[in-house]
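**Student:** Before I ask anything, let me first share the structure, which is written out below as structure tokens.
The values are calculated or read from the model by the stated rules, or taken from the named source; none is laboratory data. None of these values were measured; they are calculated from a predicted model. Cβ placement follows ideal geometry from the backbone for every residue including glycine, while neighbour counts extend to all protein chains displayed.
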Amino acid sequence: MNFTLKIWRQQSANASGKFVNYQIKDVTPEMSFLEMLDALNEDLINRGEPPVAFEHDCREGICGSCGFLINGVAHGGQRGTTVCQLSMRFFKDKDGEALTLEPWRARAFPIVRDLIVNRSAFDRIIQAGGFISAPTGSAPDANAILVPKEAADTGFDAAACIGCGACVAACPNAAAMLFTSAKITHLNSLPQGQPQRDERTLSMVVAMANEGFGSCTNHGECEAVCPKEIPLEFIGKMNRDLIRALWHRHREPLVIPSVVQEPFHEHAGPDAEESLTLGTSEKTSDQSHVNGHALANGGRKENGIDHPQP
Ligand code: SF4
Ligand code: FES
């Protein structure tokens, strides 16, 4: 098979970029997409030209290093497949055609070079999640902490996120909500993640906002291109956990690094109530009323704390 590759070339973050056309011949259906780029790069090096920069590591769909747009679609459009897992047989019907390769496009992902973008904004969101206080001193018995099957399955599905950034690249708002919700759901669904659940949720959502990502408006493009098939449902879980965490602020203020917060009880006026009780238009005048309202509407009491219904 022969292809024309239209590849975005950009020397550095501040340099201007442009598409450059390359011809590649004798591509076999057994080659992976990245092997085809390796062949192109060998050719470029032999001609004394700079090779195309792209990220890769495991080449097995595990590490999340690879990723760029192929003909405008993140990871090339094969469901549940990273670009390193793409085989050239998927492009048989495009033999002789042009394939356009460009990096993720998002303000929070500045271009490093060619097809490589800086995704350290994702690292800072994960870092904002902090630690869990489950003891790790020695290897516990396998069943020391009982985990319900459903919670284990949810946690495992969420942990499948490899942080590739395709969800951000595909979203018209460049939102990182699928990624952040996967990272939050991973620990929030497990018993070991409960002690820091509220702090983790608030900190990671604040970090996400601070990094300049957009917000979800239910396009669903992220789920469609996610190579690990992270479901949109996790964004709903994250939003519910965010509301839960904000409700809990009614009883004790949470400290979020880098965010100046005032304790709720120092702002007992109706305006403060409105800004903190996301998802409800009901205004209440004191703390006990809020908790009583939560219980009256199906909330629960746990460790002496009133929880609104999630
Ligand atoms: S949610 Fe999916 S698309 Fe987004 S970073 Fe994780 S694995 Fe990649
Ligand atoms: S190179 Fe590791 S997921 Fe593609």
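**Student:** Between a first residue in segment 166-187 that is more than 14 Å from G236 (Cα to Cα) and a second residue that is within 16 Å of ligand 2 (Cβ to nearest atom) and among the hydroxyl-bearing types (S, T, Y), which pairs have beta carbons less than 9 Å apart while being 6 or more apart in sequence or on different chains?
**Tutor:** Close Cβ pairs (under 9 Å, with a partner that is within 16 Å of ligand 2 (Cβ to nearest atom) and among the hydroxyl-bearing types (S, T, Y)) amount to A166/T82.
**Student:** Let me ask something else about it. Do any residues in segment 59-74 that are over 19 Å from A159 (Cβ atoms) and free of Cβ contacts under 8 Å to residues at least 60 places away in the same chain have Cβ atoms under 6 Å from those of residues that are within 11 Å of ligand 2 (Cβ to nearest atom) and of a type outside the set (S, T, N, Q), where the two are at least six apart or on different chains, and which pairs are they?
**Tutor:** Listed by first residue and then by second, the contacts come to R59/C84.
**Student:** Kindly indicate the residue of segment 61-83 that is out of contact with any His (no Cβ under 6 Å at 6 or more places or on another chain) and part of a helix (DSSP H, G or I) and also farthest from ligand 2 (Cβ to nearest atom) among those meeting that condition.
**Tutor:** Within segment 61-83, the match that is farthest from ligand 2 (Cβ to nearest atom) is G77.
**Student:** Across segment 147-165, which residue is farthest from E211 (Cα to Cα) among those that are touching a residue at least 40 places away in the same chain (Cβ under 8 Å) and within 16 Å of ligand 1 (Cβ to nearest atom)?
**Tutor:** Of the residues in segment 147-165, the ones touching a residue at least 40 places away in the same chain (Cβ under 8 Å) are 147, 151, 157-158, 160-165.
Among the residues that remain, those that are also within 16 Å of ligand 1 (Cβ to nearest atom) are: 157-158, 160-165.
Details: D157: 25, A158: 22, A160: 23, C161: 19, I162: 19, G163: 15, C164: 16, G165: 14 Å.
Top of the filtered list is D157.
**Student:** Next up: Would you confirm, using the coordinates I've provided, whether F109 is modelled with pLDDT of 95 or more, more than 13 Å from C167 (Cα to Cα), aromatic (F, W, Y) and more than 9 Å from ligand 2 (Cβ to nearest atom)?
**Tutor:** Working: modelled with pLDDT of 95 or more: yes; more than 13 Å from C167 (Cα to Cα): no; aromatic (F, W, Y): yes; more than 9 Å from ligand 2 (Cβ to nearest atom): yes.
For F109, the condition - modelled with pLDDT of 95 or more, more than 13 Å from C167 (Cα to Cα), aromatic (F, W, Y) and more than 9 Å from ligand 2 (Cβ to nearest atom) - is not met.
**Student:** Checking the conditions here, which among E211, E150 is touching a helix residue (DSSP H, G or I) at 6+ places or on another chain (Cβ under 9 Å) and among the charged types (D, E, K, R)? Talk me through it step by step, then tell me what you get.
**Tutor:** Numbers: E150 fails: touching a helix residue (DSSP H, G or I) at 6+ places or on another chain (Cβ under 9 Å).
That would be E211, the only listed residue that is touching a helix residue (DSSP H, G or I) at 6+ places or on another chain (Cβ under 9 Å) and among the charged types (D, E, K, R).
**Student:** Right, here's the next one. Please tell me if D95 is over 27 Å from R200 (Cα atoms) and away from ligand 2 (no atom under 16 Å from the Cβ). It would help to see each step written out before you state the result.
**Tutor:** Details: over 27 Å from R200 (Cα atoms): yes; away from ligand 2 (no atom under 16 Å from the Cβ): yes.
Judged against the criteria, D95 is a match.
**Student:** Quick one: in segment 117-128, of everything that is farther than 17 Å from G76 by Cβ and of a type in the set (V, I, T), which residue is farthest from ligand 2 (Cβ to nearest atom)? Let's see the steps before the verdict.
**Tutor:** Taking segment 117-128 and keeping what is farther than 17 Å from G76 by Cβ, we get 118-128.
In the following step, the residues that additionally are of a type in the set (V, I, T) were identified as 125-126.
Values: I125: 19, I126: 17 Å.
Of everything passing the filter in segment 117-128, I125 is farthest from ligand 2 (Cβ to nearest atom).
**Student:** Filtering segment 213-236 down to residues that are among the aliphatic types (A, V, I, L, M) and within 16 Å of ligand 2 (Cβ to nearest atom), which residue is nearest to the chain's Cα centre (by Cα)? Can you show your working first?
**Tutor:** To start, the set of residues in segment 213-236 that are among the aliphatic types (A, V, I, L, M) comprises 224-225, 230, 232, 235.
Those left that are additionally within 16 Å of ligand 2 (Cβ to nearest atom): 225, 230.
Details: V225: 12, I230: 9 Å.
In this case the residue turns out to be I230.
**Student:** In addition: Given the structure, is F68 among the aromatic types (F, W, Y) and under 24 Å from the mean Cα position of the chain (by Cα)?
**Tutor:** Against the criterion (among the aromatic types (F, W, Y) and under 24 Å from the mean Cα position of the chain (by Cα)), F68 qualifies.
**Student:** Further question on the same structure: Could you grab me the full set of residues in segment 1-46 that are part of a strand (DSSP E or B), over 18 Å from G67 (Cα atoms), under 33 Å from the mean Cα position of the chain (by Cα) and not aromatic (F, W, Y)?
**Tutor:** Just the residues of segment 1-46 that are part of a strand (DSSP E or B), to begin with: 3-9, 18-24, 32.
With the extra rule that they be over 18 Å from G67 (Cα atoms), the set shrinks to 3-4, 18, 20-24.
If we keep only those that are under 33 Å from the mean Cα position of the chain (by Cα) too, we end up with 3-4, 18, 20-22.
Passing the criteria: T4, K18, V20, N21.
**Student:** Identify, by number, the condition in (1) of a type in the set (A, V, I, L, M); (2) surrounded by fewer than 16 Cβ atoms within 10 Å (Cβ to Cβ); (3) assigned to a helix (DSSP H, G or I) that I125 doesn't meet.
**Tutor:** It fails just one condition, (2).
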